[in-house]
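Every number here is computed from the coordinates shown, using simple stated rules; none is lab data. As the structure is a computational prediction, the values presented were derived from the model and not from experiment. Cβ coordinates were reconstructed from backbone atoms using ideal geometry, including for glycine residues, and neighbour counts include every protein chain displayed.
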Amino acid sequence: MIAAALAVLLAAPADAASVKLFAFDDRGGPLDAAGLARRLARADEKEPDLAKLPVWAVPVDGKSPRQRLKISQEGKLVLGSWEKADRVRLELVWPVEEDGYNAVGADKGGAGFGDGEVVFLDEEIAATQYRLFKDMWKRRISDWQPLYKPGKKAKALADEAKDGMAAAAGEKETPARVKAYKSALHATSLAWEKALFEHGLQHALDERRAPGLRFGLTLDESMLKRLDDLDWIAEAVRRSGAEWVRLVFRANGPDFLYSSLRSFNEYDGVVEELARNKVQVMGCVLDSTQWPKTLTPELYAERTKNLVLHYRGKISSWEVGAELNGDWLGGASAPFTPDQVHRIYSSGAAKVKEIDPALETVATLYAWEETAPDAAHALSGWLPVQVKRGFGRDLDVVGLSVQPEDNPMGMGLERAFDAVGEALPAQKLMISSLGYVEKEELKGYWWLAPDDVDGARKDIAILYATASCAMPRSLCGGFWWQTLDQMLPPAGARPPTSTRSGAARSSSSAAATKRAKNSARLVR
C-alpha cells in the first residue's frame, strides 16, 4: 500500500497542482468524475473520455499556455489537475437551464485557483459570469459608441440576475444552494443575451453606422445543383433582407485553378442573377474542407488570381481563408501544419491585394476554444502565434465561424470577439459563418430545447446575427451556412406552409413555448 502510494507521488510532476471539484445533479446530489464528464459531454458521446473534456486551466498571469484540465476520481474526490502554473482560471462549456450549453469561466473573483483549493462549480461559474456580465454592462453604457441604452425589459432581467445571485448566496443547505445558483446563472444568461441583442439592434438602427453593416447568407457549392432554382433563390435572398451572399466556389477537380473560361459558366449566371436582385457577393476562394493534400502557396495564389481577375468589377470582397485554425485543412488524417496553412492562405491574400488594393480581403477563424482538440488550434492559442507570423497582413476583415452545436458560445460570444479584436486591432470583425445541426438530429450540444432543432436554428439566427452588431469594429454578418438545405430547400423538400423555414417537422408544444419565451425576451 505504501509502495503504491509512493509510486503515484513519484510519477506526478513536481510542479503539478490540483483542485477538488464539486458539481451536483438536479436533485442536489454530488457528481462523481463520470457524472461530471456526462454533464460536459456532447449528446453523441455515450462514454465521454475524461482526458478530452472541454475544461481548460488558463494561467491567470498569462505567462504559460492554457492546458486541458486533467479530471480524475481519487477515492470519493473528483480532482482537476494541471502543470507549471501557480494559479489558473477554469474555462469550460456548461449547461444553463433552458438556455443551452454556454462557454463560461470560473475564476474566484479574478484571482484564480491554486493547489489544494476547493471549487464548487455551480457556484463559481454563476459568480464569475455575473461579475463579467456587470463589467460588460458598465462598458456598454459608458465606453462604447453608440452607448447602450437599456430598455425596460433589459433592466428587469438584469435585476433578476442580481436578485438571483443574492438569493443563492443566502442559501445554506447544499441542494437549495445548488438550485439557486443554477437559477441565478440562467437569469444572468438571459440578461446577457438581451443586452447583446438590444445593443446590437441599436447599432444596426444607428443611421451613421447602418450603411456599413452587412447581413448575409451562404450559397455553398451545392448551388450548382440548383441552377433551375436560381431565379427563385436569388429573389428569396433579396426578400429575406440579406444584402450579401457568401458564394463558395467549388474545388473543381478537372480545373482546380480555374484557368479555363468554361469553369466559370455556371457561376457567371449566379453572380449576374444576384446582382439583378441587388445582392452583393463575397467570394469564397476555397472552403476549408476542400483543401487538397497537394495544395501549395503557388497553386492557391494562381487559383485566387484567376477568380479575382474574372470577376473584377463584379465581386469586390474575397474570403481568402476559411476556418484557418481548423485541424482538418489538407485532410483530417494528415492535416497541414499551421505553418503550411499560413503560407498557403497568405499567398492568396497577397495576390488579391497585388491585383487591386481596393478589393476587400476576408479570413474566417473557427470559433472554438474549450472544444478545440488542443491549445494550438483554439482561438487564444492560434492567434498570438499566427499574428507574430504575419496573419492579418493584407487582410481587411476577420470573420468568426459560429457553430453552437459543436462549439457552444452563449455568454462566451464576447470573449471570442475580444480575443480576435485584441490580437488584430486594425481589422473589421463579423460573423462570417453561422449554423446549427447539419441534418435534423442533434448530435452535439443543445441550444434552448434539445428536441426542437428548427426552433433553435431560428433563435440562433435571430440572436447571433443581431448580437454580432454589438461587438467593437463589427460589420454584423451572419452568413448562415446551410442556407440551401435549411432555409431554401428544393421544391420537393419544402414544408407545405412555408418556403422560408428549415423545419422538416412541427415543434413540440413545450419546445415551442420555450422558444416563444426566448424570442419574446429578445425582441420586446
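At a glance:
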{"quantity": "The range 165-314 - Rg and Dmax from Cα coordinates, angstrom", "calculated": "23.7, 74"}
{"quantity": "Span from the the range 37-76 Cα centroid across to the the range 108-172 one, whole angstrom", "calculated": "24 Å"}
{"quantity": "Euclidean distance of C-alpha centroids, the range 370-391 and the range 177-191, integer Å", "calculated": "32 Å"}
{"quantity": "Count, lysine Cα pairs under 29 Å in the range 15-125, 8 or more residues apart or across chains", "calculated": "21"}
{"quantity": "Equivalent ellipsoid dimensions for the range 15-125 as semi-axes, Å, which come from the Cα gyration tensor, largest first", "calculated": "22, 15, 14"}
{"quantity": "Those aspartates and glutamates that a straight Cα-Cα span of less than 17 Å connects to Lys351, excepting residues fewer than 8 apart in one chain", "calculated": "Glu298, Glu302, Glu319, Glu360, Asp394, Asp396"}
{"quantity": "Trypsin sites (Lys or Arg not before Pro) restricted to DSSP loop in the range 232-283 with at most 10 other C-beta within 10 Å", "calculated": "Lys278"}
{"quantity": "Placed amide H near Ala378: partners under 5 Å, 5+ positions off or other chain", "calculated": "none"}
{"quantity": "The chain: proportion of alpha-carbon pairs further apart than 37 angstrom, %", "calculated": "32 percent"}
{"quantity": "Where trypsin sites (Lys or Arg not before Pro) fall in DSSP loop in the range 51-118, at most 15 other Cβ within 10 Å", "calculated": "Lys63, Lys76, Lys84"}
{"quantity": "Interchain or long-range residues, amide H under 5 Å from Leu434's placed H", "calculated": "Val402, Trp480, Trp481"}
{"quantity": "Cross-link table Lys152/Lys182; Lys278/Lys439; Lys293/Lys458, entries beyond 26 Å C-alpha to C-alpha", "calculated": "Lys278/Lys439; Lys293/Lys458"}
{"quantity": "DSSP beta bridge pairing in the chain, given as percent antiparallel to the nearest 5", "calculated": "40 percent"}
{"quantity": "Helical contribution to [θ] at 222 nm, DSSP H n ≥ 4, -39,500 (n - 2.57), averaged over the chain, rounded to 500", "calculated": "-12500 deg cm²/dmol"}
{"quantity": "Extended-chain gain in nm, criterion 0.36 nm per residue less alpha-carbon gap, Glu207 and Glu243", "calculated": "11.3 nm"}
{"quantity": "Cys residues of the chain counted as unpaired, since no other Cys beta-carbon is under 4.7 Å", "calculated": "Cys284"}
{"quantity": "The range 126-221: trypsin sites (Lys or Arg not before Pro) falling in loop per DSSP and having at most 11 other Cβ within 10 Å", "calculated": "Lys172, Arg208"}
